[in-house]
Amino acid sequence: MTAPADPTAAPGPPAAPGPAAVADRAAVPTPPVIRPVGSSGLLVELATAEQTEALHAELLRRRADGSLPPVGEIVPGARTVLLDEFGSSAQARRLAAELPGWQVPPLTAGSETVVEIPVRYDGPDLADVAALWGVAPEEVARRHAATEFRVAFCGFAPGFGYLTGLPEPYHVPRRATPRTRVPVGAVGLAGAYTGVYPRSSPGGWQLIGTAPETVLWDTARTPAALLAPGTRVRFVPLDGDGPPDGDGPRGGDGPADGDSPPGGDGTRDGRGPSDRGNRLPAEGSRPSDADGPRTEGSGRDR
Amino acid sequence: MTADGGVETVRAGALTTVQDLGRPGYAHLGVPRSGALDLTAHRLANLLVGNPESAATLETTLTGCAVRVLAPTTAVVTGAPCPVTVDGRPAPWGQPVRLRAGAVLEAGAATHGVRSYLGFAGGVEADRVLGSRATDLLSGLGPAPLSDGAVLPLGAPSPAGGRAVPDVAPWRVPGPELVLPVGYGPRDDWFTAEGLRTLVTGTYRVSAASNRIGLRTEGPALARRREGELASEGMPLGAIQVPPEGRPVLFLADHPTTGGYPVIGVVPAAALSAAAQAAPGTAVRFTPVRSGSVRGSAGVPPPR
């Protein structure tokens, strides 16, 4: 429903040429671009997904400690954070003037709990994804389950999180032909993202598995959404889907430390400022398709 | 909560939903705000029957609806003007009417505008989801749209003591033209200067494909400086999103929380009640307002 099919037009920096440039950018982050949203809102645009997630975390910290002016909505996107409905346009203006000067700490692994999603790696596109990655299907499962994900943003449907964490060489395009029906609980990949369908819908993501035990959205539960922006997520293989070598999914043998990914090892050494375990920096990456998992869009087409 | 009766749907009409002030504050979870499209009319309906503005009303679409009240109550019809009847006899629009148990209140087809609001003393007591009883047609939250025979409970009326309830309230009939103020941004830089001018000089009409998610328009396409789509970003209420075919779409209460098409400008929330009453075919004119936010007067092109 939402977004990009054409990454070449997406805003953002050019692909990082290499680890050195990544390090430079980490040291001196590109200042955010602040855009007006009506009279009392701001759209803060950042150079990278990492900076976006770090700014979002900082905004939540400041909201929690009362140092952020009251604002109705804080909505992260792929490279932006929307701040909408300040109490006045003067508050929005003041924050717009201040925010570029903030020292935003990079994301750290932190001590927050990690949501574990049991998954059976049995998706109909597992073989296709394995071919794109240049590995065996069971290796897709192993690497996916060894990755620490983070909810970058939500959208498309209540309970749907766009999870980042797979390094760029593992980003895959959407299916050429979308499915008319993707079952609830399907675990899919598209662009930079992994997602779990909170309900049955049409969809074009590459399905690698099924999460049969996890209820992503339940309005009778508090909170209704299992996944919110910033939530850390791990996929835990259900019995019989574990790595053939018996190495546990949380053994820390992540994609960055495994065999060379199909795109070469240009990003392998480029650990980001966040020191997030096996997560590679996203600076050089761009979602090849950040669209919602449904192709016939509710947002655009209705 | 049903001790005070309820309403039984006699004629659901084209689309009648339960609405209140919606569920703002959950956009980061992908939950649309929802709520009454014409908040002015919704608030007025509640005021006239002695309810707090957060009480739920029924929002009709073009063809009205009819309900039977299961216990004595007071009700009112606001929003789009329409013939109002009680048991087939004419009753005033925009004024509270006292109904006996079993009476059928009908809001007829709108004579002007699109959405009428039926308010009942005590409000419609559908179950709350995330604090709101509103039907969200994008994500399916809240009660289902009314269907013939469906029964909804009503709440207990607020104690009358102390609250002054007006007998009648002024109402401006929707005009022949919908005028929408627009503050440019956040993605006005995706459009050519000509495209920005076209938005505020072109003649648009409300498309029949409009709904609670967005008011679609027919008219000249807005020329873009850059092609493609954005990486998904948050979409505010009142956003004027421009899909590739170039006709602006104004995001209303059930709009998606993120999107990938550029937002050329944003219409203030206060102007959206009028948008809710603009029937298909209504002329639409966008007028630039100074972007008071972060760019000062930058980005506002001359109107001609």
- Query: Under the Karplus relation 6.51 cos²θ - 1.76 cosθ + 1.60, θ = phi - 60°, what is the ordered set of whole-Hz ³J(HN,Hα) values for segment B:36-49, x standing for Gly and Pro?
  - Reply: 4, 6, 9, 5, 4, 5, 4, 5, 5, 4, 5, 4, 6, 10
- Checked against the positive end of the charge dipole of chain B (+1 on Cβ of Lys and Arg, -1 on Cβ of Asp and Glu, about the Cα centre), the farthest of B:Ala75, B:Pro220, B:Thr135 is B:Pro220
- Query: Over the Cα atoms of segment B:177-289, what is the Rg over Rh ratio if Rh follows Kirkwood?
  - Reply: 0.92
- Item | Placed amide H near A:Ala186: partners under 5 Å, 5+ positions off or other chain | A:Tyr197, A:Ala211
- Size of the dipole of segment B:2-153 about the Cα centre, Lys and Arg at +1 and Asp and Glu at -1 on the beta carbon, nothing else charged, in debye to 20? 160 debye
- Message: Taking only the Cα atoms of segment A:66-136, how large is their convex hull per residue, in Å³?
- Response: 209 Å³
- Nonlocal amide H pairs with B:Val151, under 5 Å, H built at 1.01 Å: B:Thr9
- Would you grab the residues whose amide H sits under 5 Å from the one on A:Val71? Only those 5+ places off in sequence or on another chain, please, with H modelled 1.01 Å from N. none
- Which whole-number percent gives the relative contact order of chain B, counting Cα pairs below 8 Å spaced six or more residues apart? 21 percent
- Using alpha carbons only, what's the Rg to Rh ratio of segment B:120-232 with Rh from Kirkwood? 1.11
- Query: How big is the convex hull of the Cα atoms of chain B, per residue, in Å³?
  - Reply: 129 Å³
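What is the Rg over Rh value, at two decimals, for segment B:171-229, using alpha-carbon atoms and the Kirkwood definition of Rh?
1.01
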- For segment B:177-289: relative contact order, % (alpha-carbon pairs under 8 angstrom, 6 or more apart): 42 percent
- Net charge dipole size for chain B [Lys, Arg +1 and Asp, Glu -1 on Cβ; Debye, nearest 20]: 620 debye
- Highest-fluctuation residue, B:Gly142, B:Gly119, B:Gly228 considered, GNM on chain B with Cα pairs under 10 Å: B:Gly228
- Item | Using θ = phi - 60° and Karplus 6.51 cos²θ - 1.76 cosθ + 1.60, couplings along segment B:61-77 (whole Hz; Gly, Pro as x) | 9, 6, 9, x, 6, 9, 9, 9, 8, 8, 8, x, 7, 10, 9, 8, 10
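Could you work out the relative contact order of segment B:22-120? I mean the mean sequence separation of Cα pairs under 8 Å and 6+ apart, divided by the number of residues, in percent.
33 percent
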- Task: Report the extension gain between B:Ala223 and B:Val179 in nm, rounded to one decimal, defined as 0.36 nm multiplied by the number of residues separating them, less their alpha carbon distance.
- Result: 13.7 nm
- When the Kirkwood radius is taken over all Cα pairs of segment B:2-153, what Stokes-Einstein diffusion coefficient follows at 25 °C and 0.890 mPa s, in µm²/s? 165 µm²/s
- Of B:Gly22, B:Gly50, B:Leu105, whose Cα points farthest to the positive end of the dipole of segment B:22-109 (charges on the beta-carbon: +1 Lys, Arg; -1 Asp, Glu; origin at the Cα centre)? B:Gly50
- Note on the structure: Across B:His112, B:His255, B:His42, the residue with the highest GNM fluctuation in chain B (Cα network, 10 Å cutoff) is B:His112
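Bear in mind these aren't lab numbers, they're just calculated from the coordinates by the rules spelled out. The model shown is predicted, which means the values in this text are computed figures rather than measured ones. In this analysis, Cβ positions are derived from the backbone assuming ideal geometry, glycine residues included, and neighbour counts consider all displayed protein chains.
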